[in-house]
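Comments concern the structure below.
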Amino acid sequence: MLLAIDTATRYASVALYGGRGVAAEHSWLSHNNHTVEMAPAIAAMLAQQGVASEALTAVAVAKGPGSFTGLRIGMSLAKGLALALGIPIIGVPTLDIIAYAAGDPGMPVVAVLEAGRGRLSVATYRFRDGLPEAQGDVAIVRTADWAPEADEPLLLTGELSPELVDRLLAEPDAEHLAISTPAGCLRRAGYLAELGWERLQQGEVDDLDALSPLYAHQPTTGSES
């Protein structure tokens with residue numbers, strides 16, 4: 001059974017995944033309480049499923065981008081479990097999780113993630129063989145100024161505030177934009193778990209010592225949400 005942990009932003013999520021798919025999942029708005037909420041959430045989920053921690057065979061973790069504090073908490077917990085249980089660890093880019101959750105809409109997918117201080121992390125994906133492939137690097141943009149280059153139909157998904165959605169839909173090329181519903185935008189650990197499970201079956205696991213959070217920009221003084 002694979003455990004998935006996502007604390008990349010204020011939205012936290014955990015899931016259990018096995019040969020039959022998602023066995024359990026819990027997602028919530030954390031309000032920056034990952035440190036005190038995550039371990040009890042995992043323990044409750046394991047207990048609800050009657051799964052002992054010793055039965056876990058791998059752990060997948062959202063490795064970023066995301067908030068510095070959130071990523072450190074999730075990565076430290078995942079590494080601690082992997083070390084204590086002697087199981088593989090798989091780090092999955094956060095924007096990959098968002099794009100994968102959209103499925104293949106037959107058009108590029110623009111995955112959006114809050115980057116703190118009025119900024120967004122943004123990446124564009126195209127699907128190949130059912131999996132999203134990033135088209136270029138992650139961009140850090142100002143929320144107030146950003147609009148995607150919509151010279152073809154695009155699906156936008158991820159952490160899109162109502163204010164941002166309203167502004168984007170008022171843009172001149174808004175007819176090219178499709179935007180996921182709020183429920184469809186929720187970043188869920190079930191999708192992280194599925195990506196991690198697929199990579200585990202292919203033997204694509206990470207080195208426990210070398211794996212570290214993927215920051216889209218350098219840390220600054222103070223925490224980011």
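Things worth noting here:
- Label of the coordinate-derived value, percent of Cα pairs over 30 Å apart, listed as [x] 25; [y] 14; [z] 21: [z]
- The order of ASP6, ASP173, going from fewest to most other C-beta atoms within 10 Å of their C-beta, is ASP173, ASP6.
- Which of LEU160, ALA170, THR94, positive extreme of dipole for the chain (C-beta unit charges): THR94
- Given +1 at the Cβ of Lys and Arg, -1 at the Cβ of Asp and Glu and no other charges, the dipole of the chain around its Cα centre is 700 debye to the nearest 20.
- Separation between Cα centres of region 170-201 and region 83-148, rounded to whole Å: 8 Å
- Residue order, fewest to most beta carbons within 10 Å, for THR35, THR143: THR35, THR143
- In the chain, helices alone account for a calculated mean residue ellipticity at 222 nm of -9000 deg cm²/dmol, with every DSSP H run of four or more residues adding -39,500 (n - 2.57).
- Residue among GLY190, SER76, GLY116 farthest towards the positive dipole end of the chain, charges placed on Cβ: SER76
- Most fluctuating residue given options LEU16, LEU177, LEU156, as computed from a GNM of the chain linking Cα atoms under 10 Å: LEU177
- Per-residue Karplus couplings for region 171-186, computed as 6.51 cos²θ - 1.76 cosθ + 1.60 with θ equal to phi - 60°, are listed in order as 5, x, 9, 4, 5, 8, 9, 10, 10, 4, 5, x, 5, x, 7, 4 Hz, Gly and Pro entered as x.
- Looking at region 95-185 alone, DSSP beta bridges between its own residues are antiparallel in about 70 percent of cases.
- Rounded to the nearest 10 degrees, the angle from helix 189-201 to the longest Cα principal axis of the chain is 60 degrees.
Where a number appears in this text, it was derived from the coordinates with a stated rule and is not lab data. Keep in mind the model is a prediction, meaning the values are calculated, not measured. We place every Cβ from the backbone using ideal geometry, glycine too, and count neighbours over all the protein chains shown.
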